[in-house]
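Student: Take a look at the following structure, please.
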Amino acid sequence: MATPTLAQATTPPAPNRPSRRRWWSDLGWRYIVGVLAIVYAVWPILYIISASLSERGTLTGSNQLFGEVSANNYASLADTYFWTWLANSVVIATVTAAGTVLMGAAAAYAFSRFRFRGRRAGLIGLLVIQMFPQLLAFVAIFLLLLALGEVHPVLGLNSRVALIMVYLGGALGVNTFLMYGFFNTVPKELDEAAKIDGATHAQTYWTIILRLVVPILAVVALLSVISTFSDFLLAKLILQSEPNWTLAVGLYQWVSDQLSANWGMFAAGATVSAIPVVLLFLFLQRYIVSGLTAGSVKG
């Protein structure tokens, strides 16, 4: 009688590990590009922060990063109109972003859902207007506000309300066309289902559609805040008195004269002014990411 033989345990084969050369060609070079991109983006920020902490008030004294560390430049901001300029910039950017989102979303919803006479011409007009740079309208804007100021001073030169109106007029075209494309991705069956349930167009717009297009609303709001917060040309053209200046105009005045330029205070003001924009981006980022990953037709 033959004795059974026990099967010897065999070790599993080692997984096929990619070679070092293949890893570098597939994945490794991406780490190098990522590190270079981070260094390229972080270096100017570190240089400005170092210049803001230098007492010399020059950029050449900051070639050695953080060679001097002093908070005198930040303390000196309280003796200027800096915080008034910052408040003006925040108010103007916030109102402009809110108005752009509300009016642009309403216009985009109308172009996307309704069929009316002049709809195609309106869309083509929005597309054509975007092709002309805003610099072409500076003279016309100045003359228009000069004439309006004689009738309604609040809509004339040196008025923050007039500046907001100009920003809204310049941003509505491109943002409406941008949101129009996103509104088209929302299925029209949702509107029909809401209409069957007895909802009006306003109820459908405010309770259903706007919740599905939060990503594009966040993007438009963020772009509007960044563009208006950092704008210099229009603000310099319209705002004439120092208490009404925005932050970009005020900071420029500190370094416009080469003989008395104070780059230390300029760097300190630029560092502080970047904080609201960074906080806004961090706040809106979760809405953008969650909205894009969830999809516009989910739920």
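Student: Please state which one of Leu126, Leu86, Leu53 is farther than 30 Å from Thr185 by Cβ, assigned by TED's automatic domain parsing to the domain that holds Ala248 and buried (at least 16 other Cβ atoms within 10 Å of the Cβ).
Tutor: So the residue among Leu126, Leu86, Leu53 that is farther than 30 Å from Thr185 by Cβ, assigned by TED's automatic domain parsing to the domain that holds Ala248 and buried (at least 16 other Cβ atoms within 10 Å of the Cβ) is Leu86.
Student: Starting from region 185-213, take each residue that is farther than 11 Å from Arg113 by Cβ and list its partners that are of a type outside the set (A, V, I, L, M, F, W, C) and at pLDDT 85 or above, counting only C-beta distances under 6 angstrom and pairs at least six apart or across chains.
Tutor: Ala194/Thr204
Student: Just to be sure, is Ala137 assigned to a helix (DSSP H, G or I) and at pLDDT 90 or above?
Tutor: Against the criterion (assigned to a helix (DSSP H, G or I) and at pLDDT 90 or above), Ala137 does not qualify.
Student: Next question. Looking only at region 110-118, decide whether some residue is of a type in the set (D, E, K, R), free of Cβ contacts under 8 Å to residues at least 60 places away in the same chain, farther than 26 Å from Phe266 by Cα and in a helix (DSSP H, G or I).
Tutor: No; the residues of region 110-118 include none that is of a type in the set (D, E, K, R), free of Cβ contacts under 8 Å to residues at least 60 places away in the same chain, farther than 26 Å from Phe266 by Cα and in a helix (DSSP H, G or I).
Student: In region 182-299, which helices (runs of 4 or more DSSP H) lie fully inside it and hold 2 or more residues that are within 20 Å of Thr94 (Cβ to Cβ) and at pLDDT 90 or above?
Tutor: Qualifying helices (runs of 4 or more DSSP H): 214-229, 233-238, 247-255, 263-294.
Student: Do the conditions hold for Val277, that is, is it assigned by TED's automatic domain parsing to the domain that holds Thr96, surrounded by fewer than 22 Cβ atoms within 10 Å (Cβ to Cβ) and either of a type in the set (A, V, I, L, M, F, W, C) or within 19 Å of the chain's Cα centre (by Cα) (or both)?
Tutor: Answer is yes for this residue.
Student: Being of a type in the set (A, V, I, L, M) and either over 22 Å from Ser230 (Cα atoms) or not in a helix (DSSP H, G or I) (or both) is the filter here; which residues of region 156-181 pass it?
Tutor: Selection gives Leu157, Met179.
Student: Yes or no: Ala147 exposed (fewer than 13 other Cβ atoms within 10 Å of the Cβ), farther than 26 Å from Phe229 by Cβ and assigned by TED's automatic domain parsing to the domain that holds Ala221?
Tutor: Yes; evaluated as a whole, the condition is true for this residue.
Student: Another question, if that's okay. Please work out if Ala105 is under 30 Å from Ala202 (Cβ atoms), in contact (Cβ under 8 Å) with a residue 60 or more places away in the chain and surrounded by 14 or more Cβ atoms within 10 Å (Cβ to Cβ).
Tutor: Judged against the criteria, Ala105 is a match.
Student: Name the pairs whose Cβ atoms lie under 6 Å apart, with the first residue in region 151-166 and under 17 Å from Thr246 (Cα atoms), the second in a loop (DSSP other than H, G, I, E, B) and among the polar types (S, T, N, Q), and 6 or more positions between them or separate chains?
Tutor: Asn158/Gln240; Asn158/Ser241
The values are calculated or read from the model by the stated rules, or taken from the named source; none is laboratory data. Computed from a predicted model, the values in this text were never measured in an experiment. Using ideal geometry, Cβ is built from the backbone for each residue, glycine included, and neighbour counts are taken over all protein chains shown.
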